[in-house]
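K.L.:
One structure is given below, represented as structure tokens, and several questions about it will come after.
The values are calculated or read from the model by the stated rules, or taken from the named source; none is laboratory data. Here the structure is a predicted model, which is why all the values come from computation and not from measurement. Virtual Cβ from ideal backbone geometry, glycine too; neighbours counted across all protein chains shown. When the accessible area is computed, the model is the full protein with side chains, heavy atoms only, and any ligands, DNA or RNA have been set aside. Shrake-Rupley method; radii C 1.70, N 1.55, O 1.52, S 1.80 Å.
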Amino acid sequence: MQREKVRFASGDTSCAAWHYPGSNGGCVIMAGGTSVTKEPASDLFAARFNDAGFAVLAFDHRRFGESGGAPRQIVRFDEQIADWHAAIDYAATLPDVDPDRIAAWGFSLAGGHLFQVAADHPRLACAIAQTPLVDGRAVAPHALRAMTPLALLRLFGRGVADAVGGLAGRPPLLVPTAGVRGAVASLTTPDAMDADRALDPDRRHTTWEQTVAARIALRIGGYRPGRHAGRIRCPLLVVVCDQDQSVLPGPAVRAAHDAPRSEVVHLTGRHYAPFLESHEQAVSAEISFLHRHLAPRPPR
């Protein structure tokens, strides 16, 4: 596997990415959710997609990883969606990529972003949303029940202080992206702590900062990208885990049914099962989907 570090412009900064050159003209653009950077988010799947002949462009959203943007560790939904559009436009310029055969792959929060990205970007040939967060309003009550009352109060207090401090130009107040029940963390569902063994089992990603600005706690409940599903015209594969306690499978299944050309794959396991016990089933379904929808078009 050969890959090269590249950068592309997005807004007033630039995003860092790995480009895996492909051999069949198709390209898969990849990113992870919340604070998950490109290596833990994509390495496991990118290698398999690349082995199947596809180019891969795996990137960090701005303010995270090796991408530009300050202050750091802040999730702004509109910025991250703009980064996706910039990545698609950049991928179309790569010499090994057919601009009409570009796919997008995201999981968790990034999988949710893809519902709007796929609805708005005419260049996408297809999209894969893996365990996507599509409806913050539907998921929030479950996430709140997974917190102790004191931890919930402290998280929202920190979120308010972070948001107010941001208006005054102060540095972000950070919280862990995942924690055990009782911790002051962005997510404390039963499967939230599976991230390390799923995404970094060998502890290779030493620069991965698993924190996020606390203001996300005030905003995630209102984020509902699944509402764009009815406008998606490209083929859409939605991969859900039936025991997912972080984003729940039901909202993603309902959103997929609103997309005219959607397919749903059900996996056994919790939120990170596609990286763990259900990996082979997930990657097999996704590569099959990519081969069908990124195949070379016959000459006219």
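K.L.:
Give the number of residues within the range 1-37 that are open to solvent by less than 10 Å² (accessible area, probe 1.4 Å) and either at positive phi or out of contact with any helix residue (DSSP H, G or I) (no Cβ under 9 Å at 6 or more places or on another chain) (or both).
P.N.:
So the answer is 1.
K.L.:
If I filter the range 271-300 down to residues being charged (D, E, K, R) and either touching a helix residue (DSSP H, G or I) at 6+ places or on another chain (Cβ under 6 Å) or assigned to a helix (DSSP H, G or I) (or both), which single residue comes out as nearest to residue 30 (Cα to Cα)?
P.N.:
Selected residue: 286.
K.L.:
Here's another thing I want to ask about it. Restricting to the range 206-220, and then to whatever is touching a Gly at 6+ places or on another chain (Cβ under 6 Å) and open to solvent by 30 Å² or more (accessible area, probe 1.4 Å), can you tell me which residue is nearest to residue 134 (Cα to Cα)?
P.N.:
Here the residue is 220.
K.L.:
Sticking with this structure for a sec: Of the residues that sit in the range 59-117 and are touching a Gly at 6+ places or on another chain (Cβ under 6 Å) and charged (D, E, K, R), which one is farthest from residue 226 (Cα to Cα)?
P.N.:
96
K.L.:
Yes or no: residue 257 under 16 Å from the mean Cα position of the chain (by Cα), at pLDDT 95 or above and more than 26 Å from residue 26 (Cα to Cα)?
P.N.:
Spelling it out, it is not the case that residue 257 is under 16 Å from the mean Cα position of the chain (by Cα), at pLDDT 95 or above and more than 26 Å from residue 26 (Cα to Cα).
K.L.:
Continuing with the same structure: I need the full set of residues from the range 159-171 which are open to solvent by 10 Å² or more (accessible area, probe 1.4 Å) and closer than 24 Å to residue 247 by Cβ, in order please.
P.N.:
Selection gives 163 alone.
K.L.:
Working carefully through the options 273, 282, 217, 252, find the one that is among the aliphatic types (A, V, I, L, M), in contact with a Cys (Cβ under 8 Å, 6 or more places away or on another chain) and within 19 Å of residue 195 (Cβ to Cβ). Break it down into steps so the answer makes sense when it comes.
P.N.:
On the way: 282 fails: in contact with a Cys (Cβ under 8 Å, 6 or more places away or on another chain); 217 fails: in contact with a Cys (Cβ under 8 Å, 6 or more places away or on another chain); 252 fails: in contact with a Cys (Cβ under 8 Å, 6 or more places away or on another chain).
On inspection, the qualifying residue turns out to be 273.
K.L.:
Looking only at residues that are open to solvent by less than 10 Å² (accessible area, probe 1.4 Å) and part of a strand (DSSP E or B) in the range 125-145, which one is nearest to residue 190 (Cα to Cα)?
P.N.:
131
K.L.:
Residue check: is residue 275 modelled with pLDDT of 95 or more, touching a Phe, Trp or Tyr at 6+ places or on another chain (Cβ under 9 Å), among the hydrophobic types (A, V, I, L, M, F, W, C) and farther than 24 Å from residue 72 by Cα?
P.N.:
So residue 275 fits the description; yes.
K.L.:
Mind listing just one residue for me: the one in the range 251-264 that is open to solvent by 40 Å² or more (accessible area, probe 1.4 Å) and in a strand (DSSP E or B) and, of those, farthest from residue 142 (Cα to Cα)?
P.N.:
The qualifying residue farthest from residue 142 (Cα to Cα) is 263.
K.L.:
Yes or no: the range 44-54 includes at least one residue that is surrounded by 24 or more Cβ atoms within 10 Å (Cβ to Cβ) and within 30 Å of residue 159 (Cβ to Cβ).
P.N.:
Taking every residue of the range 44-54 in turn, none turns out to be surrounded by 24 or more Cβ atoms within 10 Å (Cβ to Cβ) and within 30 Å of residue 159 (Cβ to Cβ).
K.L.:
Condition (residue is closer than 14 Å to residue 135 by Cα and open to solvent by 30 Å² or more (accessible area, probe 1.4 Å)) applied to the range 227-234: is it met by at least one residue?
P.N.:
yes
K.L.:
Run down 267, 237, 187, 248 and say which single residue is among the hydrophobic types (A, V, I, L, M, F, W, C), crowded, with 21+ Cβ neighbours inside 10 Å and at positive phi.
P.N.:
248
K.L.:
Quick check on the range 75-82. Is at least one of its residues under 13 Å from residue 213 (Cβ atoms) and either modelled with pLDDT under 95 or part of a loop (DSSP other than H, G, I, E, B) (or both)?
P.N.:
yes
K.L.:
Let me ask another. Mind telling me which of the residues 106, 111 ends up being buried (at least 24 other Cβ atoms within 10 Å of the Cβ) and touching a Ser or Thr at 6+ places or on another chain (Cβ under 7 Å)?
P.N.:
Exactly one residue qualifies, and that residue is 111.
K.L.:
Just checking, which of 43, 96 is of a type in the set (Asp, Glu), part of a loop (DSSP other than H, G, I, E, B) and modelled with pLDDT of 95 or more? Before the answer, list the steps.
P.N.:
Working: 43 fails: part of a loop (DSSP other than H, G, I, E, B).
Testing whether each residue is of a type in the set (Asp, Glu), part of a loop (DSSP other than H, G, I, E, B) and modelled with pLDDT of 95 or more leaves just 96.
K.L.:
While we're here: If you check residue 174 against the conditions, is it aliphatic (A, V, I, L, M) and open to solvent by less than 70 Å² (accessible area, probe 1.4 Å)?
P.N.:
When the stated conditions are applied, residue 174 passes them.
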